[in-house]
Amino acid sequence: MSELEQLSGPARAFMGARAVPMEALAELLAREGEKRGLIGPRELPRLWSRHLLNSAAVAGVFPSGALVADVGSGAGFPGLVLAVLRPDVDVVLIEPMQRRVDWLGYAADELGLDNVSIARARAQELHGELLADAVTCRAVASFGELIAWVAPLLVDGGEFVALKGAKAQSELDEAVSAGRLNRFRLGGARVEEVDPVVDGEHIFEVPARLIRARRLA
């Protein structure tokens, strides 16, 4: 098994008091991730820089007390990371695959996360049953596809924050051109690049790009 990437000093400073529970999550993933089919062995040497810290890009977005739904939680990126870093936010992890649901429940119990609930479902199956202040996701589908799944889960004024890579702007442009934002009452869509630097060191392996849009009243 590959060796787990070590957390750097600047990254630890970036996370502050939440670094310890984040390290506990990393250790759980190192021990359980490959055998549960959550991550490949080649991911351990970049677990922090590519996955955990990249997921942390959404941590500062949501207001205290918000109910945030994570669509397609998988290994817990970004939902478990958000729950660890923001104990003042309630997180619903939405995941249809049972073995991943089992993992998410196990990890939440092991980490003592009382701000996490889990829904074994596809986002579309929760339309009319769940309303959240915000919805987030990472590596699930293109932004244009996600809109139809996500918009009905948002309260009026709620925000959709998709964690994306280099194609963020092109995905947003395509969705706008196709009229999908207007169709699902989403406005103010924009791409924000997040690439924090602590003591001269970039915390993410690559800049995180957030596509943000708000549900219109």
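Here residue 69 passes the criteria (1) of a type in the set (A, V, I, L, M); (2) in contact with an Asp or Glu (Cβ under 6 Å, 6 or more places away or on another chain); (3) farther than 30 Å from residue 10 by Cβ except the one numbered (2).
Look at (1) closer than 21 Å to residue 213 by Cα; (2) of a type in the set (Gly, Ala, Ser); (3) touching a residue at least 12 places away in the same chain (Cβ under 8 Å); (4) assigned to a helix (DSSP H, G or I) and you find that residue 170 fails only one, number (3). When residue 173 is tested against (1) under 30 Å from residue 44 (Cα atoms); (2) out of contact with any helix residue (DSSP H, G or I) (no Cβ under 8 Å at 6 or more places or on another chain), exactly one condition is not met: (1).
Per-residue answers, yes or no, for (1) more than 19 Å from residue 191 (Cα to Cα); (2) part of a strand (DSSP E or B); (3) touching a Lys or Arg at 6+ places or on another chain (Cβ under 9 Å):
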| position | (1), (2), (3) |
| --- | --- |
| 54 | no, no, yes |
| 64 | yes, no, yes |
| 75 | yes, no, yes |
| 83 | yes, no, no |
| 100 | yes, no, yes |
| 105 | yes, no, no |
| 144 | no, no, yes |
| 156 | yes, yes, yes |
| 159 | no, yes, yes |
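Among the residues in segment 195-211, are any within 20 Å of residue 157 (Cβ to Cβ), among the hydrophobic types (A, V, I, L, M, F, W, C) and in contact (Cβ under 8 Å) with a residue 40 or more places away in the chain? So far as segment 195-211 goes, yes, one or more of its residues are within 20 Å of residue 157 (Cβ to Cβ), among the hydrophobic types (A, V, I, L, M, F, W, C) and in contact (Cβ under 8 Å) with a residue 40 or more places away in the chain.
Comparison of 134, 166, 148 shows that the only residue that is open to solvent by 10 Å² or more (accessible area, probe 1.4 Å) and under 21 Å from residue 70 (Cβ atoms) is 148.
Restricting segment 61-91 to residues that are among the small types (Gly, Ala, Ser) and touching a helix residue (DSSP H, G or I) at 6+ places or on another chain (Cβ under 9 Å), which is nearest to residue 116 (Cα to Cα)? Within segment 61-91, the match that is nearest to residue 116 (Cα to Cα) is 83. Among the numbered conditions (1) surrounded by fewer than 18 Cβ atoms within 10 Å (Cβ to Cβ); (2) at pLDDT 95 or above; (3) small (Gly, Ala, Ser); (4) under 24 Å from residue 23 (Cα atoms), tell me where residue 157 comes up short. With (1) surrounded by fewer than 18 Cβ atoms within 10 Å (Cβ to Cβ); (2) at pLDDT 95 or above; (3) small (Gly, Ala, Ser); (4) under 24 Å from residue 23 (Cα atoms) applied to residue 157, the lone miss is (4).
Got a number for residues in segment 173-203 being outside any helix (DSSP H, G or I), of a type in the set (A, V, I, L, M, F, W, C) and more than 22 Å from residue 91 (Cβ to Cβ)? Lay out the reasoning, then the answer.
First, the residues of segment 173-203 that are outside any helix (DSSP H, G or I): 178-179, 184-203.
Now drop any that are not of a type in the set (A, V, I, L, M, F, W, C), which leaves 178, 184, 186, 189, 191, 194, 197-198, 203.
Narrowing further to those that are more than 22 Å from residue 91 (Cβ to Cβ): 178, 184, 189, 191, 197-198.
Adding up the residues that qualify gives 6.
Does segment 25-51 hold any residues that are part of a helix (DSSP H, G or I), open to solvent by less than 40 Å² (accessible area, probe 1.4 Å) and not acidic (Asp, Glu), and which are they? Write out each step before concluding.
Initially, segment 25-51 is screened for residues part of a helix (DSSP H, G or I), giving 25-32, 41-51.
Now restrict to residues that are open to solvent by less than 40 Å² (accessible area, probe 1.4 Å): 25-26, 28-30, 32, 43-44, 47-49, 51.
25, 26, 28, 29, 30, 44, 47, 48, 49, 51 - these are the residues of segment 25-51 that are part of a helix (DSSP H, G or I), open to solvent by less than 40 Å² (accessible area, probe 1.4 Å) and not acidic (Asp, Glu).
The values are calculated or read from the model by the stated rules, or taken from the named source; none is laboratory data. Since the model is a prediction, treat every value here as computed from it, not as a measurement. Using ideal geometry, Cβ is built from the backbone for each residue, glycine included, and neighbour counts are taken over all protein chains shown. Ligands, DNA and RNA are stripped out before the accessible areas are found, and what is left, the full protein with its side chains, is counted by its heavy atoms. Shrake-Rupley method; radii C 1.70, N 1.55, O 1.52, S 1.80 Å.
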